[in-house]
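**Q** I'd like to ask you about the structure that follows.
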Amino acid sequence: MTSGSLSSQCSNDFIKLGYVNAKLDPSLPSECFKQDIIDILYSLEIPGWSINDCKNFSLDRDLLTLTKIKGALTNVIYKIHYPNLPSLLLRIFGDNIDSVIDREYELEIIARLSLYDLGPKLEGYFQNGRFEKYIEGSRTSTQADFIDRSTSIKIAKKFKELHSTILLTPEERSDEPSCWTTLDQWINMIDSHKEWITDKGNISENLRCSSWDFLVKSFKSYKNWLHNDSTYTSKLLREGGKDNMINTGLKMVFCHNDLQHGNLLFACKDGNVSVDDLIIIDFEYAGANPVAFDLSNHMNEWMHNYNDAQSFKSHTDKYPKEEDILTFAQSYINHMNENPVEINSQEVKNLYNLIIEWRPCAQLYWCLWALLQSGKLPQQRLIEDRRINGPRGDTNIATCKNSKSKKTKMTRSTI
C-alpha cells in the first residue's frame, strides 16, 4: 500500500488531499475491515488521527465503531467513531460508479466549492473512496421531509442560494448544458455494446421499450421538441430567456443535479429547521445546467423512498401536486428577490411549466445512469493501476481558478 501523508489543506485557489493507493472492501470480516481502515487512516495522517499528532499513538480496532448510514444508492457510507477523536464519514464508491463519474472533475468541483465554504470537508482519498469530516448532530432528509410543505419551501430557498452563489466560468456559460453532454456521453457508452443493445430482450427488460434505436430517436425527438416546439422552453429561448434573470428558469447556473434525500442534511437539534440548517452534500454530478433541470430533478425525487426495501420503485402518486410545485416555484423566485411575486403570477406559472417540460430529461438521465452502473452491460477488461512505491505517497492537488478564468485545472503530484 502506498501511503499518503498530507492532510487536506485549503487556500484561495487550491486544496491538497492525501491519497493512498489502496482499496477498502466492506464485505470482509469486521476485524479485517476495521484494520484496513486504520492502516489507511495512519497513512493519510488526518488531523487528530495521525501518528505525528502525539507520541506512542496507536489505534485499537476494538474501539473503532462503524455505523452504516442509510439512504445511499451506490456508495457505502459509514460514520467512524473512536473515543476522544473527531468523527469521520467514510464513503466507499460503488463497483460500477466510476463509469458515470469523472473523479478528477469531481475534485475540481470540490476545490471550487471550498472557495465559498460549501460542500464536504475532505480529509483524504483512497482508490475506491474517501474520508470526510462528519457533521455532528446532522441527519439525512427523508421522503417525508420533501413532501412536507414548510420544509419544501426551505429547500426551494436553499436551491436559490446555491444557484446564486457559485459563479460559472465563461466556458460553462457558453457551452451546452451538462445534462445534454452527459446524456450524449452515456448513450455513446451504451451504444458501444452492440451485441447487448441488439438483444430485444435486454432492451425490453431494462428500458421498457421496443428497441435501443427507438429510445435514442425518442430522446433526440424530445430534445428537438423542447428547444424548438415546446410551449414555454422554446418561447423563452427565442426571447433570450437563457441569459435573463435566474427566475426565468432557463438561466445557466451551477447545479447540484442530484438533490435526493441522502444528499440533503438537516443540522438542527431542536427540530425547528431553518434554511441555514440545510446542508447540501455529494456534488458528484454537479455542473452547469438551466435552473429548470435542477428543480425538475428534485421534484422527481419526491417519488422515491431510498430507505425502503424496494428503493428502486417510483411511487408516481407521490409526485408533487400542482399546488406543491407552484408553492415551490414561488418560494424559489421570491427568495433573495427585492420584488416578490404572487403565486398566480406569470413568473411562477412559467417556472412551473418549465419544471414540467424538463421532467423527461431528468428521468432519462437517471434511467441511463441506472443501466450503466447496474453491472448488466458486458464488462470491459480493466488495466491494473501502477502501484507507486515510496515512503510518502501521493497528494491530489485540485486547483480552482475563479469564474473569470477560462478553466479549472486538477493535477496530481507525488510527495
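**Q** In the range 242-267, how many residues are over 14 Å from Asn353 (Cα atoms) and in a helix (DSSP H, G or I)?
**A** Adding up the residues that qualify gives 6.
**Q** Of all residues in the range 194-219, which are loosely packed, with under 12 Cβ neighbours inside 10 Å and within 30 Å of Asn350 (Cβ to Cβ)?
**A** Hit for the range 194-219 is Lys217, nothing else.
**Q** Can you tell me which of (1) assigned to a helix (DSSP H, G or I); (2) buried (at least 17 other Cβ atoms within 10 Å of the Cβ) is the one Ser230 doesn't meet?
**A** (1)
**Q** Here is a follow-up. If the requirement is being part of a loop (DSSP other than H, G, I, E, B), within 28 Å of Ile333 (Cα to Cα) and outside the structural domain of Leu89 (by TED's automatic domain parsing), which of these qualifies: Glu176, Glu172, Glu161?
**A** Only one candidate qualifies: Glu176.
**Q** Considering Val273, Val291, which residue is at pLDDT below 95 and either under 30 Å from Lys121 (Cα atoms) or not assigned by TED's automatic domain parsing to the domain that holds Arg149 (or both)?
**A** Val273
**Q** Right, next: Consider only pairs whose beta carbons are under 8 Å apart and that are at least six residues apart or on different chains; among these, list those whose first residue lies in the range 206-219 and is without any contact (Cβ under 8 Å) to a residue 12 or more places away in the chain and whose second residue is part of a loop (DSSP other than H, G, I, E, B).
**A** Final answer for the pair search is Ser218/Cys209.
**Q** Still on this structure, I have one more. Take the residues in the range 325-348 that are among the aliphatic types (A, V, I, L, M) and part of a loop (DSSP other than H, G, I, E, B), then tell me which one is surrounded by the fewest Cβ atoms within 10 Å (Cβ to Cβ).
**A** So, considering only residues that are among the aliphatic types (A, V, I, L, M) and part of a loop (DSSP other than H, G, I, E, B), the one surrounded by the fewest Cβ atoms within 10 Å (Cβ to Cβ) is Met336.
**Q** Now for a separate question. State all residues of the range 268-317 that are in a loop (DSSP other than H, G, I, E, B) and surrounded by 17 or more Cβ atoms within 10 Å (Cβ to Cβ); if no residue qualifies, say none.
**A** Passing the criteria: Val273, Ile281, Asp282, Phe283, Glu284, Tyr285, Ala286, His304, Asn305, Tyr306.
**Q** Show the residue pairs that are 6+ apart or on different chains and have beta-carbon atoms under 6 Å apart, the first residue being within the range 220-241 and assigned by TED's automatic domain parsing to the domain that holds Glu176, the second being modelled with pLDDT of 95 or more and exposed (fewer than 12 other Cβ atoms within 10 Å of the Cβ).
**A** That search, which allows pairs on different chains as well, returns Ser234/Asn228.
**Q** Continuing with the same structure: Only one of Leu364, Leu377, Leu351 is surrounded by 13 or more Cβ atoms within 10 Å (Cβ to Cβ), part of a loop (DSSP other than H, G, I, E, B) and either modelled with pLDDT under 90 or not hydroxyl-bearing (Ser, Thr, Tyr) (or both); which?
**A** The conditions single out Leu377.
The values are calculated or read from the model by the stated rules, or taken from the named source; none is laboratory data. Please read these numbers as outputs of a predicted model, since none were measured by experiment. Cβ sites come from the backbone with ideal geometry, for glycine too, and all protein chains shown count toward neighbours.
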